[in-house]
Amino acid sequence: MSFSFSEEGMFFIQNWGTIEKLLNSLQNFRSEFSNYLYSVEKMLKTKNWWSEEELVFRKRDQRQVYISKKGWSDDDITYYIWIGIEGFVPESVLGTPDSAYCYLWVMTGSRANVILQELSTIFKDKEEFSDYFTNKKSNYILKKPLRKYTEEEFQVFASADPLQEIVDFMEKVYLTIIDYKIP
């Protein structure tokens, strides 16, 4: 019995040293990409509406960050309302899979239905949010796909353009519900 590698398989075998370097480089880039996302915190904290006494910035994982108001929690650990970005990985910002997206999300639990209903009422008729208002049965009230960047736009991407888009979304949403009180 004879086995034959495909053309792609042969390419990998013949170029394994280069492929190994690429895989290691990709792993390092993923780490840099997370740090790039985490730098949103510094940008937010320069805003005149940011208050260390009132707001928290959380790193959920390497692909997600959010802000919340301290008054939207009972215990400074569990925040009922999150304004953030998720799915922020190279593939979703630079590649072909689904985009990363900014969101307004309400945590599940006994208060969720009331909070969802009240916040949905606030956002459903606001024109600036109409394109990403989720009129569905989910805990997401807003889901805004993040712009994708092509290889030719690498300088725009590297200049923090996507981070500014995230900050602008968080700011607009937060200032819309800044006075909201958890029932």
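Worth a mention:
- Glu41 being charged (D, E, K, R) and either within 11 Å of the chain's Cα centre (by Cα) or within 15 Å of Glu171 (Cα to Cα) (or both): yes
- Filtered residues of segment 5-25 (kept if in contact with a helix residue (DSSP H, G or I) (Cβ under 8 Å, 6 or more places away or on another chain), assigned to a helix (DSSP H, G or I) and either farther than 21 Å from Val89 by Cβ or in contact (Cβ under 8 Å) with a residue 60 or more places away in the chain (or both)): Phe12
- The residues of segment 144-181 that are surrounded by fewer than 16 Cβ atoms within 10 Å (Cβ to Cβ), at pLDDT 90 or above and not charged (D, E, K, R), listed by number, are Pro145, Gln164, Leu175, Ile178.
- Residues located in segment 28-38, provided they are at pLDDT below 95 and hydroxyl-bearing (Ser, Thr, Tyr): Ser31, Ser34, Tyr36
Residue-wise test of (1) closer than 19 Å to Pro183 by Cβ; (2) under 19 Å from the mean Cα position of the chain (by Cα); (3) of a type in the set (Ser, Thr, Tyr).
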{"residue": "Thr46", "(1), (2), (3)": "no, no, yes"}
{"residue": "Tyr66", "(1), (2), (3)": "no, yes, yes"}
{"residue": "Ser73", "(1), (2), (3)": "yes, no, yes"}
{"residue": "Lys136", "(1), (2), (3)": "no, no, no"}
{"residue": "Glu152", "(1), (2), (3)": "no, no, no"}
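- Exclusive hit being among the aromatic types (Phe, Trp, Tyr), farther than 12 Å from Val40 by Cβ and in contact (Cβ under 8 Å) with a residue 60 or more places away in the chain, set Phe169, Phe157: Phe157
- Cβ pairs under 9 Å, 6+ apart, first in segment 116-138 and touching a residue at least 12 places away in the same chain (Cβ under 8 Å) and closer than 16 Å to Tyr80 by Cα, second of a type in the set (S, T, N, Q) and in a loop (DSSP other than H, G, I, E, B): Leu116/Ser138; Leu116/Asn139; Ser120/Thr134; Ser120/Asn135
- Picking from residues in segment 108-130 that are modelled with pLDDT of 90 or more and among the hydrophobic types (A, V, I, L, M, F, W, C), the one that is farthest from Asp168 (Cα to Cα) is Val114.
- Test: Arg60 is touching a residue at least 24 places away in the same chain (Cβ under 8 Å) and over 18 Å from Val167 (Cα atoms): no
- Where helices (runs of 4 or more DSSP H) fall wholly inside segment 61-174, the ranges with 3 or more residues that are within 30 Å of Gln27 (Cβ to Cβ) and not hydroxyl-bearing (Ser, Thr, Tyr) are 90-94, 154-158.
- Per the listing Trp82, Trp105, Trp50, Trp72, the residue uniquely surrounded by 15 or more Cβ atoms within 10 Å (Cβ to Cβ) and at pLDDT below 95 is Trp72.
The values are calculated or read from the model by the stated rules, or taken from the named source; none is laboratory data. Note that the coordinates shown come from a computational prediction; the quantities given were computed from them, not determined experimentally. Because the Cβ atoms are built from the backbone with ideal geometry, glycine has one as well, and the counts that use them run over all protein chains shown.
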